[in-house]
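Q: Quick one: the structure is below, and I'll ask about it shortly.
The values are calculated or read from the model by the stated rules, or taken from the named source; none is laboratory data. This is a predicted model, so every value here is computed, not measured. Cβ placement follows ideal geometry from the backbone for every residue including glycine, while neighbour counts extend to all protein chains displayed. Keep in mind that these areas ignore ligands, DNA and RNA; they rest on the heavy atoms of the full protein, side chains included. Shrake-Rupley method; radii C 1.70, N 1.55, O 1.52, S 1.80 Å.
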Amino acid sequence: MTKNLILGGLAVVIVGAAGFGLYVYKSPIDPISPDQTASFTPEEVEKGRILASAGYCATCHTAADGEPYAGNFAMETGFGTLYSTNLTPDVETGIGTYSKEAFRRAMHEGVDREGRHLFPAFPYDHFTKMTDEDVDAIYAYIMAEVEPVKTVQKENELPFPLDQRFLQAGWKMLFADLGRFEPDEEHSEAWNRGAYLAEGLTHCGACHTPRNIVGAEKSTEQYAGAEIDSWIAPALTAANQSSVPWTAPEFKSYLIEGVTTYHGIAAGPMGPVVHEGVRDLPESDIDSLAIYLADQVGATEDDPSQSEIVLASLRSNQPDPQYRRELGERLYATACASCHYNAELIKAGRPDLGINSATNLDTPNNLIHVILDGVNAPEGMAGVVMPGFRGALNDEQVTAIAAYLRDKRANQPAWPNLSETVADIRQNGPTSH
């Protein structure tokens with residue numbers, strides 16, 4: 001009896017291993033030569049340029065000192081460092097030998113031309129939702145317009161056995177819902193277009209959804225907010241901590257201009273998402289994204305300018321004879337108030353820090369980043385910059401300003417370990433891309 005059980009168990013293991021092996025194996029796709037590259041229409045190439053921009057392909061496939069799309073951008077994953085690959089049409093070190101079918105498989109299934117499983121730092125679990133037509137347009141743009149660059153690919157820095165690509169097949173089985181986007185008939189065409197863009201091409205959830213211990217997005221907590229590069233990607237749900245509720249017009253302004261009247265600016269990891277990405281989409285697509293995102297946060301049609309929170313914050317912003325009594329108030333008055341002052345209405349580009357998203361989050365990371373390093377020209381609102389105070393204010397002074405804003409302006413509980421967080425971000429915060 002025992003022998004039969006053992007043999008039966010071994011048979012199950014063998015069959016399971018064989019089945020997994022069949023699932024893991026992906027056959028190579030024949031390479032193409034430069035003369036086999038299809039001809040592309042100008043319209044398809046331009047569409048691909050816009051889509052590649054909105055998917056911020058260059059952001060993750062361009063090293064800080066490298067050529068566009070040439071790869072070797074370092075991505076810290078929590079498990080080790082991955083280096084993005086060369087996405088130029090170079091035939092030796094890029095994707096110049098990829099056929100249209102091979103490119104589709106990489107985007108939709110996370111498998112390269114040689115049949116190797118790609119690490120999920122490449123968000124194929126989102127790109128899988130894209131149509132063949134859109135993926136083909138990106139392919140057309142890369143093959144027709146991106147300059148070929150020959151590179152030496154850096155080796156990924158992952159410990160064994162996480163560096164074994166066949167394990168990624170198991171990760172897919174457990175966590176990747178491969179397949180095209182399916183419209184929700186209970187919502188409008190515009191909402192579904194926004195969902196297609198947010199869940200697929202622009203992969204909002206890659207930053208705004210928390211991940212489990214093996215790096216997969218928690219499907220039950222979509223858009224619940226997460227930490228990315230020591231910045232906080234706020235929740236895009238009803239749990240969003242902004243003191244003034246988001247609206248579709250606010251989302252539209254944010255996605256086009258990089259600034260909103262009532263929430264703040266697109267800085268840190270969101271800077272390139274807006275300024276090198278989604279703002280290139282047609283206005284109708286921006287409208288659809290705004291409609292979809294507004295629905296996710298439970299937006300209403302109320303006029304934010306008449307919100308009691310806004311009116312109260314404006315009243316709090318009026319000059320006070322005791323403004324300079326405490327260190328944080330004194331520093332704010334001298335370093336910040338001249339720009340962050342509004343009288344009767346809040347002006348875009350002049351954020352009211354009492355209602356600003358960064359001041360109302362559970363952690364001070366985003367506020368500290370902006371105080372230390374400011375907002376440069378590629379971020380925020382065109383024509384408006386903010387100087388960084390990294391060299392002008394020490395940790396105690398930055399801590400004092402942040403504590404003042406949190407307490408006196410936002411009327412929120414004090415951030416724990418604020419001074420330690422300031423010191424850590426000054427020392428270890430990411431350098432700009």
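Q: What residues qualify as long-range amide H neighbours of Ile232, i.e. H under 5 Å apart, gap of 5 or more or another chain, H built at 1.01 Å from N?
A: It is Asn366, by chain and number.
Q: Nearest 500 deg cm²/dmol is fine: what mean residue ellipticity at 222 nm does the chain get from its DSSP H runs of n ≥ 4 alone, each adding -39,500 (n - 2.57), divided by its residue count?
A: Helix contribution divided over all residues of the chain: -11500 deg cm²/dmol.
Q: Taking 0.36 nm per intervening residue step and subtracting the Cα-Cα distance, what contour gain separates Glu326 from Glu283 on full extension?
A: Going from the current span to full extension adds 10.8 nm.
Q: Separate question: Ala216 to Phe166: FRET efficiency via 1/(1 + (r/R0)^6), r the Cβ-Cβ distance, R0 22 Å, to the nearest 0.05?
A: Details: r = 17 Å, r/R0 = 0.78.
Between Ala216 and Phe166 the formula returns 0.80.
Q: Among Leu162, Leu361, Leu178, which one shows the biggest mean-square fluctuation in a GNM of the chain, springs joining Cα atoms closer than 10 Å?
A: In the Gaussian network model the winner is Leu162.
Q: Taking the full set of protein chains and a 1.4 angstrom probe, give the accessible area of Phe73 in square angstrom, rounded to the nearest 10.
A: Per-residue accessible area (Phe73): approximately 50 Å².
Q: Here's something else I'd like to know. Restricting to DSSP loop positions (anything but H, G, I, E, B) with no more than 14 other Cβ atoms inside 10 Å of their own Cβ, which chymotrypsin sites (Phe, Trp or Tyr not before Pro) remain in the stretch 102-139?
A: Answer in residue order: no site qualifies.
Q: Whose amide H sits under 5 Å from the amide H of Phe389, counting only residues 5 or more places off or on another chain, with H placed in the peptide plane?
A: Answer set, sorted by chain and number: Leu372, Asp373, Gly374.
Q: Which residue, chosen from Leu197, His208, His187, occupies the Cα position most advanced towards the positive end of the dipole of the stretch 167-236, where the dipole is computed from +1 (Lys, Arg) and -1 (Asp, Glu) charges on Cβ about the Cα centre?
A: Selected residue: His208.
Q: Taking the Cβ-Cβ separation of Asp184 and Gln241 as r and a Förster radius of 22 Å, what is the calculated FRET efficiency to the nearest 0.05?
A: Calculated transfer efficiency: 0.25.
Q: What does the accessible area of Ser284 come to, in Å² to the nearest 10, when a probe of 1.4 Å is used?
A: 70
Q: From the Cα gyration tensor of the stretch 30-135, with a ≥ b ≥ c the square roots of its eigenvalues, which class applies: rounded if a/c is under 1.5, or else prolate if a/b is larger than b/c, or else oblate?
A: rounded
Q: At 0.36 nm per residue, and after removing the present C-alpha to C-alpha distance, how many nm does the segment from Glu145 to Asp132 gain when stretched out fully?
A: The span from Glu145 to Asp132 would gain 2.7 nm if fully extended.
Q: Ranked highest first by average number of other Cβ atoms within 10 Å, how do 32-44, 348-360 line up?
A: Values: 32-44: 12.3, 348-360: 22.5.
Ranking, from highest mean packing down: 348-360, 32-44.
Q: Next question. Thr62's amide H: which non-local residues (gap 5+, or another chain) put their own amide H closer than 5 Å, with H modeled 1.01 Å from N in plane and none for Pro or chain starts?
A: Tyr69, Gly71, Phe73
Q: Of Glu67, Glu186, Glu396, which is the most mobile in a GNM of the chain whose springs link Cα atoms less than 10 angstrom apart?
A: Of Glu67, Glu186, Glu396, the most mobile in the Gaussian network model is Glu186.
Q: Can you send over the solvent-accessible area of Lys100, 1.4 Å probe, protein chains only, in Å² to the nearest 10?
A: That residue has around 60 Å² of solvent-accessible surface.
Q: While we're looking at this one, here's another question. For Asp229 and Ala414 in the same chain, what is the full-extension length gain: residue separation times 0.36 nm, less their Cα-Cα distance, in nm?
A: Roughly 64.3 nm would be gained on extension.
Q: Please turn the phi angles of the stretch 135-150 into ³J(HN,Hα) values with the Karplus equation 6.51 cos²θ - 1.76 cosθ + 1.60 (θ = phi - 60°), one per residue in order, whole Hz, x for glycine and proline.
A: 5, 5, 5, 5, 4, 4, 4, 4, 6, 9, 10, 6, 6, x, 9, 8
Q: A further question follows. Normalised by the residues of the chain, what does the relative contact order come to in percent, with Cα pairs under 8 Å and at least six apart?
A: About 13 percent, as a whole number.
Q: What distance in nm lies between label points placed 7 Å from Cα along the C-beta direction at Gln36 and Asp295?
A: 4.3
Q: To the nearest 0.05, how large is the calculated FRET efficiency for Val91 and Tyr341 if R₀ is 51 Å and r is the Cβ-Cβ distance?
A: 0.30
Q: If you fit an axis through the alpha-carbon atoms of helix 2-24 and take the longest principal axis of the Cα set of the chain, what angle between them do you get, 0 to 90°, nearest 10?
A: Roughly 70 degrees between the two axes.
Q: Among rounded, prolate and oblate, which fits the stretch 266-315 when a ≥ b ≥ c are the square roots of the eigenvalues of its C-alpha gyration tensor, a/c under 1.5 means rounded, and a/b larger than b/c means prolate?
A: Values: a/c = 2.82, a/b = 1.60, b/c = 1.76.
Cα axes put the stretch 266-315 in the oblate bin.
Q: Can you tell which of Met386, Met173, Met143 shows the greatest fluctuation in a Gaussian network model of the chain with Cα springs below 10 Å?
A: Among Met386, Met173, Met143, the largest GNM mean-square fluctuation belongs to Met173.
Q: GluC sites (Glu not before Pro) within the stretch 234-324: which are DSSP loop residues with at most 11 other Cβ atoms inside 10 Å?
A: Glu301
Q: Which whole-Hz couplings ³J(HN,Hα) result when phi for each residue of the stretch 308-314 is put into the Karplus expression 6.51 cos²θ - 1.76 cosθ + 1.60, θ = phi - 60°, listed in order with x for Gly and Pro?
A: 5, 5, 5, 4, 5, 5, 4
Q: Moving on to the next point. Order the following by accessible area, largest value first: Asp229, Asp280. Probe radius 1.4 Å; ligands, DNA and RNA are ignored.
A: Values: Asp229 90, Asp280 60 Å².
Accessible-area ranking of Asp229, Asp280, largest first: Asp229, Asp280.
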